[in-house]
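Submitted below is the structure of interest, expressed as structure tokens.
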2 protein chains.
Amino acid sequence: MNSPARRAAAVADPAEGLPGEFALIARHFRRLAGPGALDLSDDAALLDPPPGRQLVLAADAMVAGVHFLPEDPPETIGRKLLRVNLSDLAAMGAAPLGYLMTTALPRSLPADWLGRFVDGLAADQAEFGLSVLGGDTVSTPGPISLSLTILGTVAPGAALRRDGARPGDALWVSGSIGDGALGLRVLRGSLPADADGHLAGRYRLPRPRLALGGALAGLATAAMDVSDGLVQDLGHLCRGGGCAAEIHAAEVPLSPPAQALVAADPALLPLVLTGGDDYELLFAAPAGAEAAVLAAGAAAGVPVRRIGGFVAGTPQVRVLGPDGAPLALASGGWSHF
Amino acid sequence: MNSPARRAAAVADPAEGLPGEFALIARHFRRLAGPGALDLSDDAALLDPPPGRQLVLAADAMVAGVHFLPEDPPETIGRKLLRVNLSDLAAMGAAPLGYLMTTALPRSLPADWLGRFVDGLAADQAEFGLSVLGGDTVSTPGPISLSLTILGTVAPGAALRRDGARPGDALWVSGSIGDGALGLRVLRGSLPADADGHLAGRYRLPRPRLALGGALAGLATAAMDVSDGLVQDLGHLCRGGGCAAEIHAAEVPLSPPAQALVAADPALLPLVLTGGDDYELLFAAPAGAEAAVLAAGAAAGVPVRRIGGFVAGTPQVRVLGPDGAPLALASGGWSHF
């Protein structure tokens, strides 16, 4: 029998002698802790907000089998969750500050799972310049269930919002669309893999467009990140701006492997336009700002493409096919319910 | 077939015409949204941090069947999660500012579940003076899985920490210990219910000691909230302070129904001391500060009781029974792994 006195004894291994939950935190999560996290050993974190900045806050959840594949490498799962949240900061034109994460984990995980999960997060913390402030680790009889709250900052009043698009504005998107949705089909075996693994990589590791979001402050009239599908998400910009939008499908930027798949099977085009998991920036800018937008993209190192525009009318999205006729799409995008 | 244009149409009902996830947010969560939440319709929330204050941040997760009973009233489930987080703020001496919440919900929930869940949160928002800043709602094939990140503020340098207890300090606890653990057994049918439902109520609805936490700033040398059991949690204060602690079991405050159960079956005492779900404040204060601590409790309207003290030595917890001899406890407290 372990007496409470023995359990509470201080020992050299930070994890030995601690109950399981605290051992996990000491062994794995503590190395992610940044300033203010108090070594993840207090009730809460303390943070001096950067003076003269507004805070930007977002939260996303991911469940195994819904948002990622249970067999995905543990290194990419935490990174995907972090990057999805970083993408929300990018969509506001904000810079990362820190994050809190909760993990609900089955007891049956492989022994090396958590270490590899944290390895991935550590790599992304270094890449994106932020660290853990706090969190919680619990057990679940269900699938892995993760939640992350991100904090960022932005100059007061400079945040990119969803409600500023106006008729006459041009519609732009960054990077390439459809890779994530195609990558999921590749991972499920229903589409052939590309040689470089680009599509699967884009499903597993979104690329938050933080530099572009920052460069669009004062330039874009509205912005958001594409997570649930280009068409559905554009609907949010339409509702926010009180106007309609048109997308020219032929202008939507596709990566080379996505181009190859759609060329071989044009029926994949609706999936590209509605599939989700893109994490690109979708934004409005005045029609005369084309040169400035292209310069912002170049400065951020991210291609940007004009794919359509906003027009007066009831909020709605019209997708024009390569022949100029409206495309009928069965579904606007991904919905969880 | 629903065209994307039709899906994106603006309509009178904020939920009609939206995909399921957004309809849920519009119908239910938006009424919880406070200033800065941007109606829960943007990528992130914007918050001007209160000038001259430090931010305090904590996150907790709860899973059905682990942290609450699947048959618990939906009204109490969200409130429990919010209060558990408020208790972390109380333990730091912080005041609430706002929160972000993610919900992973099975598709099979009863039709009225989410409305009742949000009703409970709305009541607690009014009681504790905070509102939702953001969140995410996803589906899960597993049990209900919730995560909440809370933000609070504290005067710079005034936060109560876990690492300040020193030999000679007195050990105090607020309210009553053991009600939550006994209440869980009552709800499971393994202990008889008290007439007023006090024990079950304490399991379902913790009482975050925010006023007391605030009153202890500058007075307590260390503090935390009791969530995983009195004995195990006291181990954290010992490790933080680099000293040992003694609890006099006879001094541990019990509610009248807990007293009655332990009197009838003294074997329940270890459960009271290690069972968890208390959400009371456990804190250290200089031995000479007794009058000030009692006054702080009186000002906050919460009973406080001196239950032992800190002594020099290797960090460990010793529980002295009513006869003054050390009690042997099979388990230090609740652990998730």
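Read-outs throughout are calculated quantities, based only on the coordinates presented, and are distinct from any laboratory measurement. Treat the numbers as computed from the prediction; the structure is a model and nothing was measured. Reconstructed Cβ throughout: ideal geometry from the backbone, glycine too, with neighbour counts over all protein chains shown.
Count the DSSP beta bridges whose two residues both fall in the protein assembly as shown, then state the antiparallel fraction as a percent rounded to the nearest 5.
Numbers: 81 of 107 bridges.
DSSP beta bridges in the protein assembly as shown are roughly 75 percent antiparallel.
Related question: Ignoring solvent entirely, what values of log10 I(q)/I(0) come out of the Debye formula for chain B at 0.14, 0.15 Å⁻¹ when each Cα is a single scatterer?
-1.12, -1.24
Separate question: Using 7 Å Cα-to-Cβ label points, what is the residue A:267/residue A:311 separation (nm, one decimal)?
Placing both labels 7 Å beyond Cα along the Cβ direction yields 3.0 nm.
Turning to a different aspect of this structure: Which whole-number percent gives the relative contact order of chain A, counting Cα pairs below 8 Å spaced six or more residues apart?
Details: 733 pairs, mean separation 70.1, N = 337.
Across chain A, relative contact order equals 21 percent.
Expressed as an acute angle from 0 to 90° and rounded to the nearest 10, what is the orientation of the C-alpha long axis of helix A:290-300 relative to the principal long axis of chain A?
The answer is roughly 30 degrees.
Report the Stokes-Einstein translational diffusion coefficient (µm² s⁻¹, integer) for the range B:230-315, Rh taken as the Kirkwood radius over Cα pairs, at 20 °C with viscosity 1.002 mPa s.
Diffusion coefficient, whole number: 150 µm²/s.
Might you report the magnitude of the Cβ-based charge dipole of the range B:15-154 about its Cα centre, with Lys and Arg at +1 and Asp and Glu at -1, to the nearest 20 debye?
Value, rounded to 20: 160 debye.
Right, another one. Expressed in nm to one decimal, what extension gain is obtained for the pair residue B:155 and residue B:325 from 0.36 nm per residue of sequence separation less their Cα-Cα distance?
Details: separation 170, 0.36 × 170 = 61.20 nm, distance 4.25 nm.
Gain on stretching residue B:155 to residue B:325: 56.9 nm.
Given the rotation that superposes chain B on chain A, what residue of B brings its beta carbon nearest the axis, and what is the distance in Å?
Residue with the nearest Cβ, plus whole-Å distance, for chain B: B:142, 1.
Which residue, B:288, B:36, B:168, has the most motion in a Gaussian network model of chain B that connects Cα atoms within less than 10 Å?
Fluctuation is largest for B:288.
Throw me the Rg/Rh for the range B:27-87, computed over C-alpha atoms with Kirkwood Rh, two decimals.
Taking Rh as the inverse mean 1/r over Cα pairs, Rg/Rh reads 1.04.
Can you pull the Kirkwood radius for the range A:184-256, inverse mean 1/r over Cα pairs, to one decimal in Å?
Details: mean 1/r = 0.0671 Å⁻¹.
Result for the range A:184-256, one decimal place: 14.9 Å.
Name the most mobile residue of A:116, A:27, A:166, meaning the one with the largest mean-square fluctuation, in a Gaussian network model of chain A with Cα contacts below 10 Å.
Top of the fluctuation ranking is A:27.
Looking at the range A:217-324 only, what percent of DSSP beta bridges run antiparallel? Nearest 5 please.
Percent antiparallel among DSSP bridges in the range A:217-324 is about 65.
Let me ask something else about it. Taking only Cα atoms and a 10 Å spring cutoff, compute GNM fluctuations for chain B and point out the largest among B:276, B:157, B:134.
Per the Cα network of chain B with a 10 Å cutoff, B:157 tops the list.
Rounded to whole Å, give me the distance from the Cα center of the range A:64-129 to that of the range B:245-281.
Here the answer is 40 Å between Cα centres.
Evaluate the protein assembly as shown: find the radius of gyration of its Cα atoms, find its Kirkwood radius, and give the ratio Rg to Rh.
1.01
Between the label point of residue B:286 and that of the same position in each other copy, find the distances and list them shortest first in nm, with every label point placed 7 Å from Cα along the Cα-to-C-beta direction.
6.4
For the protein assembly as shown, give the magnitude of the charge dipole about the Cα centre (Cβ charges: +1 Lys/Arg, -1 Asp/Glu; no others), in debye to the nearest 20. Could you put the intermediate results ahead of the total?
Numbers: 48 positive and 66 negative charges, 41 e Å.
In total the dipole reaches around 200 debye.
Say a label goes 7 Å from Cα toward Cβ at residue A:192 in every copy; what distances in nm does this one have to the rest, shortest first?
7.5
Suppose we keep just the DSSP beta bridges with both residues in the range B:15-154; what percent of those would be antiparallel, to 5?
Details: 19 of 28 bridges.
Around 70 percent antiparallel, to the nearest 5.
Taking the dipole about the Cα centre of the range A:170-320, with the C-beta of Lys and Arg at +1 and of Asp and Glu at -1, give me whichever of A:222, A:200, A:268 is farthest to the positive side.
Positive-end residue among those listed: A:222.
If you don't mind, another one. Any idea what the dipole of the range B:170-320 comes to, in debye rounded to 20, about its Cα centre with Lys/Arg Cβ at +1 and Asp/Glu Cβ at -1?
Using only the charged Cβ atoms, the result is roughly 120 debye.
Mind jotting down the three principal axis lengths of the range B:170-320 based on Cα atoms? Whole angstrom, largest first.
Here the spans come out as 42, 34, 21 Å, largest first.
Of A:138, A:67, A:36, which is farthest on the positive side of the dipole of the range A:16-154, counting Cα position, with +1 on Lys and Arg Cβ, -1 on Asp and Glu Cβ, and the Cα centre as origin?
Of the listed residues, the answer is A:67.
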